[in-house]
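**Student:** Attaching a single structure in structure tokens format; questions to follow.
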Amino acid sequence: MDKILVIVGPTGVGKSQYSIELAKRLNGEIISGDAYQIYKAMSIGTAKITKEEMQGIPHYLVDELCFDHPYSVADFQRVAREHIQTIISRGKLPIICGGTGLYIKAVLYDYVFEKEEIDEVYKDQLKNYSNEELYEQLKEIDSKSLETIHVNNRQRVERALLIAHSGKLKSDIVDEQQHKLLYNATIIGLTLPRDQLYEKINQRVNVMMEKGLLKEIEQLIKIANDDKIEDIWNLQAMKGIGYKEWKSYFEKEATKEETIALIQKNSRNFAKRQYTWFNNQLDVNWINVTTKEQTLKEALEIVKN
RNA sequence: GGUUCCAUAGCUCAGUCGGUAGAGCAAUGGAUUGAAAAUCCAUGUGUCGUUGGUUCAAUUCCAACUGGAACCA
């Protein structure tokens, strides 16, 4: 199996910085395992690292899409795997670094995404039903998929119905998988005590403001106007933390201070969800990020073993 | 200095005509297979300011004290 290194951790813990240091020492190249850093013109709010900070280490899946394009776990899985092969063929170590748990798991494990064509007419029809009605429909078609989907989780109930409608059942697709790693992956998780992490997150949002987050949003709105995009706030890319919160601000329903506080809160909540995923879905070697030298030493040791 | 009011969860506060208490927000735990920075589920964490008194029983009534607020000097 091909050897790869994976660096995960909650938002704001300092993954990017460590990935560079490790890449330098291990002759590696970095693939971003992040759902939002793929978008161009969204740099401050996604805390993207700059060209200088990359220190010449090649990065993939950063700055590749316009913000009006959709991006999905299936896209990520396909392209990330291609990059892994290319990097290995050059004799380098692939390092996946990011905070999007689902994306990273989908690459590492044998997740299968069938080729599908969405039936837009059927999708539209679903809008006419209540959560309960959709749930009942799914119970008839694919009751097994309901084991991990709650009635109120409309997004995922609809998704399971769409999958069933396009051919195979979602539960069958999952059952056919072996849930095994496809790579010899070492997964390192960077962590901090919760209160320290939250403090860092709050500070980071303040720094984003100083760097011009609001200007970045205004710029995106301008691009959207020029491109005649109707509702910018409906774009997938604008659902990201640090972006979606500004809708209320521009509609004069929230002050700047309230918006900043909301971004901080959403970031903290997100960090907590990330921990839930990494703790329960991946086999993570956790390293407490207190001193930089110690962290690197520990990380290198884990990689060797 | 005097009078009055306040003190209950991390915060803002409700409440118990005396039987050890509950909302919102924050927070915590969990699910997660094509929106995942998304979407959804669950959970009240408390010497009811301190010390005494009355009482079978005090967070609740009484007193003193401590801290805070307002008003009068």
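**Student:** What residues qualify as long-range amide H neighbours of A:PHE67, i.e. H under 5 Å apart, gap of 5 or more or another chain, H built at 1.01 Å from N?
**Tutor:** Here the answer is A:LYS40, since their amide H atoms fall under 5 Å of that of A:PHE67.
**Student:** May I pose another question? Would you mind checking the range A:20-57 for residues with the amide N under 15 Å from a putative spin-label position 7 Å along Cα→C-beta of A:ASN184?
**Tutor:** none
**Student:** Rank-order A:44-53, A:233-242 by packing density, defined as the average count of other C-beta atoms within 10 Å over each peptide's residues, highest first.
**Tutor:** A:233-242, A:44-53
**Student:** Which whole-Hz ³J(HN,Hα) couplings does the range A:190-202 yield from phi under the Karplus relation 6.51 cos²θ - 1.76 cosθ + 1.60, θ = phi - 60°, glycine and proline marked x?
**Tutor:** Each residue of the range A:190-202 in turn: 8, 9, 9, x, 3, 5, 5, 4, 4, 4, 5, 5, 4 Hz.
**Student:** While we're on this one: Between A:ARG154, A:ARG78, A:ARG25, find the one with the highest GNM mean-square fluctuation for chain A; connect C-alpha pairs within less than 10 Å.
**Tutor:** Result: A:ARG154 has the largest fluctuation of those listed.
**Student:** Right, another one. How many percent of Cα pairs in chain A exceed 29 Å?
**Tutor:** Above the 29 Å cut-off, chain A has 43 percent of its Cα pairs.
**Student:** Enumerate the amide H contacts of A:TYR60 below 5 Å, restricted to partners 5 or more residues apart or on another chain; note that Pro and chain-start residues carry no placed amide H.
**Tutor:** Distant-sequence amide H within range of A:TYR60: A:ILE30, A:ILE31, A:SER32.
**Student:** A further question follows. Which of the peptides A:173-181, A:32-40 is most tightly packed, and how do the rest follow, judged by the mean count of other Cβ atoms within 10 Å per residue?
**Tutor:** Going by the mean number of other Cβ atoms within 10 Å, highest first, we get A:32-40, A:173-181.
**Student:** Taking amide hydrogens as modeled 1.01 Å from N in the peptide plane, which residues meet the under 5 Å criterion relative to A:ALA185, leaving out close sequence neighbours?
**Tutor:** A:ILE4
**Student:** A further question follows. Hey, what number do you get for chain A at 222 nm if only DSSP H runs of n ≥ 4 count, each worth -39500 (n - 2.57), divided across all residues, to the nearest 500?
**Tutor:** -15500 deg cm²/dmol
**Student:** How many nm is it between the label spots at A:THR255 and A:ASN288, if each spot is 7 Å from the Cα in line with the beta carbon?
**Tutor:** 3.9
**Student:** How many lysine pairs does the range A:112-183 hold where the Cα atoms are under 18 Å apart and the two sit 8 or more places apart or on different chains?
**Tutor:** 11
**Student:** Using each residue's phi in the range A:38-43, evaluate 6.51 cos²θ - 1.76 cosθ + 1.60 at θ = phi - 60° and report the 3J(HN,Hα) Karplus result to the nearest Hz, with x for Gly and Pro.
**Tutor:** Karplus values, whole Hz, x for Gly and Pro: 5, 7, 6, 6, 10, 10.
**Student:** Along the range A:222-238, what does the Karplus equation 6.51 cos²θ - 1.76 cosθ + 1.60 (θ = phi - 60°) give for ³J(HN,Hα), rounded to whole Hz, x for Gly and Pro?
**Tutor:** Rounded to whole hertz, the list is 5, 4, 4, 5, 4, 8, 6, 7, 5, 10, 4, 6, 8, 5, 4, 4, 8.
**Student:** So, one more: For A:LYS256, give me every one of the aspartates and glutamates with a C-alpha distance below 18 angstrom, ignoring sequence neighbours fewer than eight places off in its own chain.
**Tutor:** Within reach: A:GLU210, A:GLU216, A:GLU218, A:GLU245.
**Student:** List the aspartates and glutamates whose alpha-carbon lies under 18 Å from that of A:LYS304, not counting same-chain residues fewer than 8 positions away?
**Tutor:** A:ASP2, A:GLU21, A:GLU29, A:ASP283, A:GLU293
Where a number appears in this text, it was derived from the coordinates with a stated rule and is not lab data. As the structure is a computational prediction, the values presented were derived from the model and not from experiment. Glycine gets a Cβ as well: all are built from the backbone with ideal geometry, and neighbour counts include every protein chain shown.
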